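Undergrad: Starting off with a structure, shown below.
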There are 2 protein chains.
Amino acid sequence: MNAPGQTISPSCSDCPIRHRAVCARCDSEELEQLEAIKYYRSFEAGQTIIWSGDKMDFVGSVVSGIATLTQTMEDGRTQMVGLLLPSDFVGRPGRDGAAYDVVATTDIVMCCFRRKPFEQLMDATPHIAHRLLEMTLDELDAAREWMLVLGRKTAREKIASLLSIIGRRDASLGTNGSSGPMVFDLPLTREAMADYLGLTLETVSRQMSALKKDGVIRLEGKRHVTIPDMGRLMEEAGDDSDGGVFG
Amino acid sequence: MNAPGQTISPSCSDCPIRHRAVCARCDSEELEQLEAIKYYRSFEAGQTIIWSGDKMDFVGSVVSGIATLTQTMEDGRTQMVGLLLPSDFVGRPGRDGAAYDVVATTDIVMCCFRRKPFEQLMDATPHIAHRLLEMTLDELDAAREWMLVLGRKTAREKIASLLSIIGRRDASLGTNGSSGPMVFDLPLTREAMADYLGLTLETVSRQMSALKKDGVIRLEGKRHVTIPDMGRLMEEAGDDSDGGVFG
DNA sequence: CGATGCATTGACCTGTGTCAAGCCCTGTGG
DNA sequence: CCACAGGGCTTGACACAGGTCAATGCATCG
């Protein structure tokens, strides 16, 4: 617990997640109201942002960086239940207690709102509630897609699924030219991947090696991944290889 | 509960799911508007209500009966991603295509709304949107809880988890006196249980037998279950045995 | 330099899947 | 009334994917 501290608030209009976050649909007047109650907080990689069961007195959006949502059983088994990327929303209006641990995987900046004022604002401005509904429905779809991965896919397919999801996200953020091989850095350790996939880190490591040996992926160092053929990867993931848009 | 088809509309005020469904928060005027666009449909056990990928021109609520939400891979592996009980909502405003198969497990009655009028109504009446957000957040929590079950629990724990969920639901519908052993009928075949739990039906069967042998449950016939000690069952499920309310 | 944290690899074990036989109902038709 | 077929379920024998335990490699950091 050292210095996760306030940062100066840049204006919402310059915000990198302006049109993807909860505030996406707000008009300029609504934005002012939000701006009045917002504040930034940053956390270092590895810090726990919220402890499951703790009182949640704020909600907010990830501005930059990555965090994970995890559940832990008494004996220590843990399952990641969500991956929070820039623009994703954290917290649940209408509930005090946090249901999951939220942990910063990289250094992270969050745009926070105290919960009560935010809830009032939500009641007053349908644009916020509407956008939140939309985002929640998307997350529900993602969670259900993940249920198929967890329940029915083999270890190799699970790894391929994770890589293709991360790859697609990076593509949608325009990091890559849309043609040619896809290249990105894994934002997760082997252990975090295992927690996401319901595997052990040894199995993750073995399957990464296997995919590499079979030419499905290339690895430089432990984290830097190249995917020469996205279609091939999606076959390995057991998905329809024809890259349907989504949902 | 026989012929699939339209049924006479009873008034919303007599509706058994009046204060749990999307319409829960509507005032009488809003209810009238909903009433104007609603219609009932019934389906027989085993019928597919919606095919994944099909155009969805309606949304609606389960009034009575049980349905499942499932995803299927090309090679036939299937995973249940949701269990729809009375008052649960089906369909996603703002999207044409269904993302999952919806199958009636028992005979079922649904209260349907054509999608477009419903969406308009949703924009006009915040009570509906608000309630839908609340329900979607609950479903998201349930999906995430299920991710832990799928990813990290053993077969025995999975079975115990499923039984305890079904048991708790039945209790919340007041079927049981809140004390004494809990008794209910399984609404699912062994195969459906397997699809829910990410197991094979053989493993489900074996673990049911094991739980029975160990006195955790009692079985009369294949479906009628008695749970003499709920705390014991929850230990078997790997959950905190102190029956905390919920999330 | 050793220490520390992540990752890889190997050897072995076990829980769950697979394949196959057979049981118990219920319903149907001779 | 019996025979029989079919669906749901149970049980057994065996195989294998993935877990467990343990050793080692490879950076980075003080």
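Undergrad: Can you name every residue in the stretch B:60-89 that is within 13 Å of another protein chain (Cβ to nearest Cβ) and among the β-branched types (Val, Ile, Thr)?
TA: B:Thr68, B:Thr70, B:Thr72, B:Thr78, B:Val81
Undergrad: Now a separate question. Could you tell me whether the stretch B:120-128 includes any residue that is within 11 Å of chain A (Cβ to nearest Cβ) and over 25 Å from B:Pro10 (Cβ atoms)?
TA: Looking through the stretch B:120-128, at least one residue is within 11 Å of chain A (Cβ to nearest Cβ) and over 25 Å from B:Pro10 (Cβ atoms).
Undergrad: Return only the number of the condition from (1) within 14 Å of chain B (Cβ to nearest Cβ); (2) of a type in the set (A, V, I, L, M, F, W, C); (3) closer than 18 Å to A:Leu83 by Cβ; (4) surrounded by fewer than 20 Cβ atoms within 10 Å (Cβ to Cβ) that A:Phe184 does not satisfy.
TA: (1)
Undergrad: I would also like to ask the following. For the stretch A:1-117, which fully contained strands (runs of 3 or more DSSP E) count at least 1 residues that are in contact with a Gly (Cβ under 8 Å, 6 or more places away or on another chain) and open to solvent by 20 Å² or more (accessible area, probe 1.4 Å)?
TA: Values: elements: A:38-43, A:48-50, A:58-64, A:67-72, A:78-84, A:101-104, A:108-114.
In the stretch A:1-117, the matching strands (runs of 3 or more DSSP E) lie at A:38-43, A:101-104, A:108-114.
Undergrad: Quick check on the stretch A:81-90. Is at least one of its residues more than 11 Å from the chain's Cα centre (by Cα) and not basic (Lys, Arg)?
TA: Initially, the stretch A:81-90 is screened for residues more than 11 Å from the chain's Cα centre (by Cα), giving none.
Within the stretch A:81-90, not a single residue is more than 11 Å from the chain's Cα centre (by Cα) and not basic (Lys, Arg).
Undergrad: List every residue pair whose Cβ atoms sit under 8 Å apart, with the two residues 6 or more apart in sequence or on different chains, where the first one lies in the stretch B:217-239 and is on the phi > 0 side of the Ramachandran plot and the second, anywhere, is open to solvent by less than 20 Å² (accessible area, probe 1.4 Å) and not basic (Lys, Arg).
TA: Filtered contacts from the stretch B:217-239: B:Gly238/A:Met73; B:Gly238/B:Ala160; B:Gly238/B:Ser161.
Undergrad: Here is a check on your reading of the model: is A:Arg218 basic (Lys, Arg), touching a Ser or Thr at 6+ places or on another chain (Cβ under 8 Å) and open to solvent by 70 Å² or more (accessible area, probe 1.4 Å)? Explain how you work it out, then say what you get.
TA: Working: basic (Lys, Arg): yes; touching a Ser or Thr at 6+ places or on another chain (Cβ under 8 Å): yes; open to solvent by 70 Å² or more (accessible area, probe 1.4 Å): yes.
It is true that A:Arg218 is basic (Lys, Arg), touching a Ser or Thr at 6+ places or on another chain (Cβ under 8 Å) and open to solvent by 70 Å² or more (accessible area, probe 1.4 Å).
Undergrad: Determine whether the stretch A:213-224 contains at least one residue that is in a helix (DSSP H, G or I) and farther than 30 Å from A:Tyr100 by Cβ.
TA: First, pick out the residues of the stretch A:213-224 that are in a helix (DSSP H, G or I): A:213.
Cutting the leftovers down to farther than 30 Å from A:Tyr100 by Cβ gives us A:213.
The answer is yes, given that some residue of the stretch A:213-224 is in a helix (DSSP H, G or I) and farther than 30 Å from A:Tyr100 by Cβ.
Undergrad: Out of the residues in the stretch B:187-211 that are outside any helix (DSSP H, G or I) and more than 7 Å from DNA strand D (Cβ to nearest atom), which is farthest from the other protein chains (Cβ to nearest Cβ)? Don't jump to the end; show me each part of the working.
TA: Of the stretch B:187-211, the ones outside any helix (DSSP H, G or I) are B:187-189, B:198-200.
Filter once more, keeping what is more than 7 Å from DNA strand D (Cβ to nearest atom): B:187-188, B:198-200.
Details: B:Pro187: 19, B:Leu188: 15, B:Gly198: 3, B:Leu199: 8, B:Thr200: 11 Å.
Applying the filter and picking the extreme gives B:Pro187.
Undergrad: Next question, about the same structure. Would you mention how many residues in the stretch A:187-197 are more than 9 Å from DNA strand C (Cβ to nearest atom) and surrounded by fewer than 21 Cβ atoms within 10 Å (Cβ to Cβ)?
TA: Qualifying residue count, the stretch A:187-197: 1.
Undergrad: Take the residues of the stretch A:198-233 that are of a type in the set (S, T, N, Q) and within 11 Å of DNA strand C (Cβ to nearest atom): which is farthest from A:Thr70 (Cα to Cα)?
TA: Here is the first cut: in the stretch A:198-233, the residues of a type in the set (S, T, N, Q) are A:200, A:203, A:205, A:207, A:209, A:226.
Checking the rest, the ones that are also within 11 Å of DNA strand C (Cβ to nearest atom) come to A:200, A:203, A:205, A:207, A:209.
On the way: A:Thr200: 15, A:Thr203: 20, A:Ser205: 21, A:Gln207: 23, A:Ser209: 26 Å.
Checked the stretch A:198-233; the qualifying residue farthest from A:Thr70 (Cα to Cα) is A:Ser209.
Undergrad: Moving on to the next point. Report yes if some residue within the stretch A:147-166 is open to solvent by less than 60 Å² (accessible area, probe 1.4 Å), in contact with a strand residue (DSSP E or B) (Cβ under 8 Å, 6 or more places away or on another chain), at pLDDT below 95 and not aromatic (Phe, Trp, Tyr); otherwise report no.
TA: Yes, the stretch A:147-166 contains at least one residue that is open to solvent by less than 60 Å² (accessible area, probe 1.4 Å), in contact with a strand residue (DSSP E or B) (Cβ under 8 Å, 6 or more places away or on another chain), at pLDDT below 95 and not aromatic (Phe, Trp, Tyr).
Undergrad: Can you confirm whether B:Met122 is open to solvent by less than 20 Å² (accessible area, probe 1.4 Å) and at pLDDT below 95?
TA: Numbers: open to solvent by less than 20 Å² (accessible area, probe 1.4 Å): yes; at pLDDT below 95: yes.
Answer is yes for this residue.
Undergrad: Could you list, in sequence order, the residues of the stretch B:129-141 that are more than 7 Å from chain A (Cβ to nearest Cβ) and touching a residue at least 12 places away in the same chain (Cβ under 8 Å)?
TA: Of everything in the stretch B:129-141, those that are more than 7 Å from chain A (Cβ to nearest Cβ) and touching a residue at least 12 places away in the same chain (Cβ under 8 Å) turn out to be B:Arg131, B:Met135.
Undergrad: Let me ask you something else. Can you give me the number of residues within the stretch A:150-169 that are of a type in the set (Lys, Arg) and within 16 Å of A:Ser209 (Cβ to Cβ)? First the steps, then the outcome.
TA: Pass one, the stretch A:150-169, residues of a type in the set (Lys, Arg): A:152-153, A:156, A:158, A:168-169.
Subset that is within 16 Å of A:Ser209 (Cβ to Cβ): A:156, A:158.
Summing the residues that are of a type in the set (Lys, Arg) and within 16 Å of A:Ser209 (Cβ to Cβ) in the stretch A:150-169 gives 2.
Undergrad: Do you know which residues across the stretch B:40-59 are among the acidic types (Asp, Glu) and either within 12 Å of chain A (Cβ to nearest Cβ) or more than 23 Å from B:Met193 (Cα to Cα) (or both)?
TA: At the first step, the residues of the stretch B:40-59 found to be among the acidic types (Asp, Glu) are B:44, B:54, B:57.
Answer for the stretch B:40-59, where residues must be among the acidic types (Asp, Glu) and either within 12 Å of chain A (Cβ to nearest Cβ) or more than 23 Å from B:Met193 (Cα to Cα) (or both): B:Asp54, B:Asp57.
The values are calculated or read from the model by the stated rules, or taken from the named source; none is laboratory data. Note that the structure is predicted; figures quoted are calculated from it, not measured. For neighbour counting, all protein chains shown are included, and Cβ atoms are generated from backbone atoms with ideal geometry for every residue, glycine included. Remember, those area values only see protein heavy atoms, side chains included, never the ligands or the DNA or RNA. Shrake-Rupley method; radii C 1.70, N 1.55, O 1.52, S 1.80 Å.
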